[in-house]
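Peer 1: Take this structure, written in structure tokens, and hold onto it; I'll ask about it next.
The values are calculated or read from the model by the stated rules, or taken from the named source; none is laboratory data. Just so it is clear, the structure is predicted and the values come from calculations on it, not from any experiment. With ligands, DNA and RNA removed, areas are computed over all heavy atoms of the protein, side chains included. Shrake-Rupley method; radii C 1.70, N 1.55, O 1.52, S 1.80 Å.
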Amino acid sequence: ALPTTFDRPVHIAVIGGTGLSQIPGFVPIASVTPTTPWGAPSSPILIIEHAGVPIAFLARHGAHHQIAPHEVPARANIAALRSLGVRSVIAFSAVGSLQEHIKPMDFVVPDQIIDRTKGIRPFTFFEGGVVGHVGFADPFDAKLSAIVQKCAAAMKGDGVVLHKEGTVICMEGPQFSTRAESNMYRSWGGSVINMSALPEAKLAREAELAYQMICMATDYDCWRNTEGGDVDVAMVMKYMAANSENAKHLVGAVLDELCKQENSDLVLAKHWEGSAQGAVKFM
Ligand code: ADE
């Protein structure tokens, strides 16, 4: 059994989404489950070591993919990571493509989000006497995005396609969209669609974390008359499995880069310090 405590601060975290409930090739050295005022995280947080640097890995949907998108304890997840010392988060998500040129298996590093959740997920740390308002005009971290883009560019030879920007539509789910909705999202300029970018990205901002999502396209949702049909779970899982080698290489390359000494200020999210007006001390 792995140790259930870890006594060094961990600054970097990877959140794995559907089809990425572990990072193959990394050997965990501890498995910790911090308790938070918002409950327990989705799964025990695995501590892995990469180039001598500890990294936290959290499976968003639980170790056995047993937590639906609207049930993810996002506040506990973000608070638990922060309590370990985490300041930078790379979050993976399977997404549907809303654009012809974003093909299943492509990666997208989004720079915008449109919130189509229904307000039923607990979405803030700032309530019950704690008042705070964070800016969210740019929901992702441009510096982390630049690092991911650089790593993906180095993988081009392996046939990996990465789109450097895009708008994620985050819908409530768990049902997929209607065809009318899918077409409406296209008309809004949506690039991809998922059920998991929110409230995670908002909570990360409130916790003063640097946060960047990496989307992996698994389907064309239902707007396109795709051979093989409209999106279903089997399609998402099939493409996630087919893409797992690429995902693994990309995680490895991004972690290589983040673990470099020259990126230590970035990883500590110094540029986000104080952005939540100190409300973060409640974590
Ligand atoms: N995750 C993967 N594919 C999706 C889709 N088409 N809609 C919402 N979430 C998704």
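Peer 1: Between Val108, Val192, Val130, where does the largest GNM mean-square fluctuation fall for the chain, given springs only between Cα atoms within less than 10 Å?
Peer 2: Among Val108, Val192, Val130, the largest mean-square fluctuation in the Gaussian network model of the chain belongs to Val130.
Peer 1: Relative to the first principal axis of the alpha-carbon coordinates of the chain, what is the inclination of helix 142-153, with its axis defined by its Cα atoms, in degrees from 0 to 90 and to the nearest 10?
Peer 2: With rounding to tens, the tilt is 60 degrees.
Peer 1: Counting only C-alpha contacts under 8 Å and six or more residues apart, can you give the relative contact order of the chain as a whole percent? Mind showing how you got there, number by number?
Peer 2: Working: 603 pairs, mean separation 69.4, N = 283.
Relative contact order of the chain: 25 percent.
Peer 1: Also, I was wondering about something else. In a Gaussian network model over the chain where Cα atoms closer than 10 Å are linked, find which of Ser97, Ser83, Ser196 has the largest mean-square fluctuation.
Peer 2: Largest GNM mean-square fluctuation: Ser83.
Peer 1: How far, in nm, would the chain grow between Lys248 and Lys260 when pulled straight, counting 0.36 nm per residue and subtracting the alpha carbon separation? Intermediate results must be reported in sequence, preceding the final value.
Peer 2: Working: separation 12, 0.36 × 12 = 4.32 nm, distance 1.88 nm.
Extending this stretch completely gives an extra 2.4 nm.
Peer 1: Kindly report the accessible area of segment 185-283 per residue (heavy atoms of protein chains, probe 1.4 Å, no ligands, DNA or RNA), in Å². It would help to have the intermediate numbers written out before the result.
Peer 2: Details: 4020 Å² over 99 residues.
I get 41 Å² per residue for segment 185-283.
Peer 1: List, in order, the whole-Hz ³J(HN,Hα) value for each residue of segment 5-11 obtained from phi through the Karplus relation with A = 6.51, B = -1.76, C = 1.60 and θ = phi - 60°; use x for Gly and Pro.
Peer 2: Values, residue by residue: 10, 8, 9, 9, x, 10, 9 Hz.
Peer 1: What part of the accessible area of the chain, given as a whole %, is carbon or sulfur when the probe is 1.4 angstrom?
Peer 2: Summing carbon and sulfur atoms, their accessible area is 54 percent of the total for the chain.
Peer 1: What angle, in degrees between 0 and 90 and rounded to the nearest 10, separates the Cα long axis of helix 74-83 from the longest principal axis of the Cα atoms of the chain?
Peer 2: 40 degrees
Peer 1: Using θ = phi - 60° and the Karplus curve 6.51 cos²θ - 1.76 cosθ + 1.60, what whole-Hz ³J(HN,Hα) does each residue of segment 50-63 get, with Gly and Pro shown as x?
Peer 2: 3J(HN,Hα) across segment 50-63, in whole Hz: 9, 6, x, 10, x, 9, 8, 10, 10, 8, 4, 9, x, 5.
Peer 1: Enumerate the lysines that Lys202 could reach by cross-link, defined here as Cα to Cα under 20 Å, with residues fewer than 8 away along the same chain left out.
Peer 2: Lys118, Lys143, Lys270, Lys281
Peer 1: Amide H to amide H under 5 Å from Asp221: which residues, 5+ apart in sequence or cross-chain, H placed 1.01 Å off N in plane?
Peer 2: Ser97, Val231
Peer 1: Let me ask something else about it. Aspartates and glutamates near Lys156 by alpha-carbon distance under 12 Å, same-chain residues fewer than 8 away left out - which ones?
Peer 2: Cross-link targets: Asp106.
Peer 1: Using helices alone, what [θ] at 222 nm do you get for the chain, with -39,500 (n - 2.57) per DSSP H run of 4 or more residues, divided over all residues and rounded to the nearest 500?
Peer 2: Helix-only estimate at 222 nm: -7000 deg cm²/dmol.
Peer 1: Which residue, Glu208, Glu172, Glu273, has the most motion in a Gaussian network model of the chain that connects Cα atoms within less than 10 Å?
Peer 2: Looking only at Glu208, Glu172, Glu273, the largest GNM fluctuation is found for Glu273.
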